[in-house]
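Here, each number is a calculation from the coordinates, and none is a lab measurement. Just so we're clear, the structure is a prediction, and the values are computed from it rather than from any experiment. Methodologically, a virtual Cβ is constructed for each residue, glycine included, from the backbone with ideal geometry; neighbour enumeration extends over all protein chains shown.
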């Protein structure tokens, strides 16, 4: 008797599960999918100004090394 009652509950739960599945399928049909494309924008003027900034740093660094090597070090000889 316990088994038949258990099977009866199981079948009613199964029916509820099937009804829930049908409701989900109906909801899935009504969902609209929105697709967004995200592109990384690169500002070419910003890239160019950054390039110029770091090139100027290098020119100043190597210019100061040249100055020290050719004008300061000879003073100590």
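Things worth noting here:
- Placing pseudo-labels 7 Å out from each Cα toward the beta carbon at residue 56 and residue 72 gives an inter-label distance of 2.2 nm.
- Point-to-point label distance, residue 32-residue 64, nm (Cα→Cβ direction, 7 Å offset): 6.1
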